[in-house]
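Following: one structure in structure tokens, then a few remarks.
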Amino acid sequence: MALNILEGRMGASSVEAESEFNVKMCYNHLEEGETNSCSLLTEGYSTQGVNVKQRVGATLVVELPWLACYMDLRLCFCILLAIKMVHRSARIMDEDGKYFLMTDDDLERLWRRQRENMDALLRKHEMTTIAGVNRDFFVDPVRYRMMAALSDPVEEAFSDFVALQWTAPEAVKLIEEKRHIADDEELSILRVVDNSTTVFIGACRYVGMMKGNSCKMVEFDEFCRLMSGRDEFRQMDACQALLSPIDDDDWLRLFTEAEGVVRDNFRKTFIMRWNTDISNYQMWEFDEAIDEFEDEGFYYDWSIWDYQKVHVGDRFYMIRTGDGPHGIVMRGIIIGKPYPDEDWSGHGRKVYYIRMRLTHMIHPELSPYLLTTDDLSKYLPNFNWENGHSGEILDDCTAQFLEEIWHSHNSRVRGLAEKGLTGDDFSEFYKDRTL
């Protein structure tokens, strides 16, 4: 939806008058007494957006969040003006029950209130977390008090809040993992960087730096110090940062220089199984799922045998057996903790499940590029690829060889695809998020 917003600004940063901005609408979960609820935000400029709720009895509530920025405020006025144009008899009241005229004075009065809200936050003596439209904002009052003599701390805070929401929106948000790292600590939050893509490092105690399958767990402040001054790195607030891939030689040097705890054989690999002869998951469900592979938020939940050994971030391969071709039909990473649920087989067993995000999905009936169980048995004969529990952990040596075999196979398939030798329907039966 496009919307003309006059005299927009983010904090003190001006934007061209009468410019066209893209406004996005997101539907919200309905609360009691509501018939409709959504949030509107201006892409590239909003901090918290504007909430619009329709209640039973035809009452429409337009809410401006506590730290919504100036552009959110302009958007709020545009929404109210649009309502007034459609429903000329509508009465617009503020939270005190007074008529709201939407004059320039009202706009400036509300903006002063928003500034006062931010100023009150900056006068506190502890860090505060504020929810944004895309990312949380960790506000460190000390940082903004230090710049008071040089600039307007409130404007700087609003500008930082906006930048946090919209800088590198394509960056992969690193999964939160909880690990025992130091002997004198409880479980600590860890986010692991493998230097393969641009990532958003959310709030955490430690950043994990991967070198092969070794992970050096470095305290967040030490990691920021290590990366300070690099073009690939940007600290977004007191607790979060963006990082783009670094030259491999530089990454290895930084890995060596960093002070932290090293764990070898860090990522584990699990073999999930799908026996179509006995599974309650049918081929038609797989057909539907492969069409949804590119959808945002796409995931699978599957049973796991070695649930006590799994961690968020571990790898998995799904082996299809039973009637039809046997081989690897899915690959990806674990994104959730194991949880007990009803036995899929109906036998009343205690079964644990795990949530998985897929990087690859290969149709066993349609793809001529299946890495088969015969292939796997030839390369790795010491593991039973045909039979066993779903969610078995591989030993580190077998897992490493499987990774090498997979990457060799996938590179060959990708090479054929890039040369146009796989046919027009290749992308329908061979899904690869890395392509």
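Quick look at the values:
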quantity	calculated
Strands (runs of 3 or more DSSP E) fully within the range 194-241 counting 3 or more residues that are within 24 Å of Phe161 (Cα to Cα)	199-201, 233-235
Residue satisfying condition, being of a type outside the set (Ser, Thr, Tyr), closer than 25 Å to Val50 by Cβ and outside the structural domain of Asp314 (by TED's automatic domain parsing), within set Asp119, Asp183	Asp119
Selection status of Ala163, of a type in the set (Gly, Ala, Ser), assigned to a helix (DSSP H, G or I) and either in the same structural domain as Phe200 (by TED's automatic domain parsing) or within 23 Å of Cys204 (Cβ to Cβ) (or both)	yes
Qualifying positions in the range 321-380 - surrounded by fewer than 21 Cβ atoms within 10 Å (Cβ to Cβ), of a type in the set (A, V, I, L, M, F, W, C) and part of a loop (DSSP other than H, G, I, E, B)	Ile335, Trp344, Leu366, Leu380
Lone unmet requirement of (1) within 18 Å of the chain's Cα centre (by Cα); (2) of a type in the set (Phe, Trp, Tyr); (3) not assigned by TED's automatic domain parsing to the domain that holds Val50 for Phe137	(3)
Any hit, the range 284-299, residues being closer than 24 Å to Lys350 by Cβ and either in the same structural domain as Trp344 (by TED's automatic domain parsing) or without any contact (Cβ under 8 Å) to a residue 40 or more places away in the chain (or both)	yes
Candidate set: the range 391-415, residues that are touching a residue at least 40 places away in the same chain (Cβ under 8 Å) and of a type in the set (A, V, I, L, M); chosen: the one nearest to Ser367 (Cα to Cα)	Val413
Tyr353 vs. criteria at pLDDT below 95 and aromatic (Phe, Trp, Tyr)	no
Qualifying residue in the range 166-176 (condition: out of contact with any strand residue (DSSP E or B) (no Cβ under 8 Å at 6 or more places or on another chain), modelled with pLDDT of 95 or more, aromatic (Phe, Trp, Tyr) and assigned to a helix (DSSP H, G or I))	yes
Those residues of the range 378-425 which are within 26 Å of Met283 (Cα to Cα) and at pLDDT below 90, in sequence order	Arg414, Ala417, Thr422, Gly423, Asp424, Asp425
Flag if Tyr317 is at pLDDT below 95 and among the hydroxyl-bearing types (Ser, Thr, Tyr)	no
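The values are calculated or read from the model by the stated rules, or taken from the named source; none is laboratory data. Keep in mind that this is a model prediction, so the values were computed, not measured. Counting neighbours? That spans all protein chains shown, and the Cβs are built from the backbone with ideal geometry, glycine included.
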